[in-house]
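Q: Take a look at this one; I'll ask things after.
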Amino acid sequence: MDQNAATLDRLEATIASRRAGDPDASYVARLHAKGLGKIAQKVGEEGVETVIAALSGSEQELVGEAADLVFHLMVLLGARDVPFARVLAELDRREGLSGLAEKAARPRD
């Protein structure tokens, strides 16, 4: 397993272990206590902060905001019991596909 995959695996395990913890002692537990809506809101906030850093921040600010975004996304996935490996598998499935062709093949609501 490469170092990046190991980092994601450790992060996912840490998030899972803290979900049901003490909200006064764990940020992850505090987010979970507030519910899925609050977790999703945090993902949105971090997404916006990442965009702002990309447009007007330093490289280090962008890296920091991107890390916050990935962390909160993993908290959200965990709250929905979706393993990060499913996201990686979807990326693997899309590899080699034209982004335009992949988007066009998606079901429309």
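Since every read-out is calculated from the coordinates, none of them should be taken as a lab result. These numbers come from a predicted model, not from an experiment. Note: ideal-geometry Cβ built from the backbone for every residue, glycine included; neighbour counts use all protein chains shown.
Q: Can you list the aspartates and glutamates whose alpha carbon sits under 19 Å from that of K34, skipping same-chain ones fewer than 8 residues off?
A: Leaving aside aspartates and glutamates fewer than 8 places away in the same chain, those within reach of K34 are D22, D24, E45, E46, D68, D81.
Q: Ratio of alpha-carbon Rg to the 2.2 N^0.38 Å globular estimate for the chain, to two decimals, please.
A: Rounded to two decimals, the normalised Rg is 1.21.
Q: Provide the net charge surrounding G21, with neighbours chosen by a C-beta distance below 15 Å and charges set as Lys +1, Arg +1, Asp -1, Glu -1.
A: +2
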